[in-house]
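S.K.: Just dropping this structure here.
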């Protein structure tokens, strides 16, 4: 198989769909058999493996060795385990998670074995890096210097689905007269009730909002002229599909899937532990995201 996808949760749908449309063979690992059954029912050619990490870590090296690239969409705490295993079997990896110091310290070893660990390749981190780097590079290419950079990003219910006082998928308290149904540990019980209270109802959708604001200075055009100052705003607004992929799933899943495809195609030549701030990574990814309907708007004004 070409790709081993670790995780089959909420952001995985666009990944499976993209690889299927592109004819990229993939396998899926999940600790939840119900998730694997759903994958298999929709993508019959996908190989599915029920592994509970880190408990079943002994089975991971041989499984990774059968693939060309690993896509890690597991919780962040499992990234070191996945990275060390990929290094052991010399397999490139893409992850949506932040790069902890433990992974950064693997850089030279990853370079030495000739593979790529492309991390922070989701939404935030991920698309935020790419749009920021593109905007900063544009200022530099025009001879300017960025003097201030501010960024905001978040996932929210779409306005028509913001039906509580906080305008967020949140409920004011867990207190009532209803007896609590205990589910294993206290944290399991809490998660059970949060899933009920924070889920989107049928017909509801989410949205993702990202805004970068850059302030820049440009050289004087003449001795008497003042430095020109600009404000650049980069904004991304993406809505989820009703009863389809959420905005969060699309903006996390698609960039990571595109990064995997680029490694498979030999488009990313840099080895080691990297993030998508290099031009030969962020330019193609942003361009292909536009083809998938994820488009940022850029506006510039004089200050």
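S.K.: Consider residue 184 against the criteria (1) over 27 Å from residue 122 (Cβ atoms); (2) at pLDDT 80 or above; (3) surrounded by 10 or more Cβ atoms within 10 Å (Cβ to Cβ): it satisfies all of them except one. Which criterion is unmet?
M.R.: Only one criterion is unmet by residue 184, namely (3).
S.K.: So which residues in the stretch 279-303 are part of a loop (DSSP other than H, G, I, E, B) and either more than 18 Å from residue 146 (Cβ to Cβ) or without any contact (Cβ under 8 Å) to a residue 12 or more places away in the chain (or both), if there are any at all?
M.R.: Of everything in the stretch 279-303, those that are part of a loop (DSSP other than H, G, I, E, B) and either more than 18 Å from residue 146 (Cβ to Cβ) or without any contact (Cβ under 8 Å) to a residue 12 or more places away in the chain (or both) turn out to be 292, 293, 294, 295.
S.K.: In the stretch 5-22, is there at least one residue being farther than 20 Å from residue 246 by Cβ, part of a loop (DSSP other than H, G, I, E, B) and in contact with a strand residue (DSSP E or B) (Cβ under 8 Å, 6 or more places away or on another chain)?
M.R.: no
S.K.: Identify the single condition in (1) on the phi < 0 side of the Ramachandran plot; (2) touching a helix residue (DSSP H, G or I) at 6+ places or on another chain (Cβ under 7 Å) that residue 140 does not satisfy, given that it satisfies every other one.
M.R.: Failed condition: (2).
S.K.: Can you spot a residue in the stretch 147-155 that is modelled with pLDDT under 95, surrounded by 11 or more Cβ atoms within 10 Å (Cβ to Cβ) and not assigned by the TED database to the domain that holds residue 256?
M.R.: Checked the stretch 147-155: at least one residue is modelled with pLDDT under 95, surrounded by 11 or more Cβ atoms within 10 Å (Cβ to Cβ) and not assigned by the TED database to the domain that holds residue 256.
S.K.: Still on this model: Name, by its number, the condition in (1) assigned to a helix (DSSP H, G or I); (2) within 21 Å of the chain's Cα centre (by Cα); (3) buried (at least 20 other Cβ atoms within 10 Å of the Cβ) that does not hold for residue 133.
M.R.: All conditions are met except number (3).
S.K.: A further question on this structure: Just name the residue that is surrounded by the most Cβ atoms within 10 Å (Cβ to Cβ) out of those in the stretch 195-206 that are more than 23 Å from the chain's Cα centre (by Cα) and at pLDDT below 80.
M.R.: 197
S.K.: Go through the residues of the stretch 71-88 one by one and say whether even a single one is crowded, with 19+ Cβ neighbours inside 10 Å and part of a strand (DSSP E or B).
M.R.: yes
The values are calculated or read from the model by the stated rules, or taken from the named source; none is laboratory data. All figures in this text were calculated on a predicted structure; none of them were measured in a lab. Don't worry about glycine lacking a Cβ; one is built from the backbone with ideal geometry, like all the others, and counts go over all protein chains shown.
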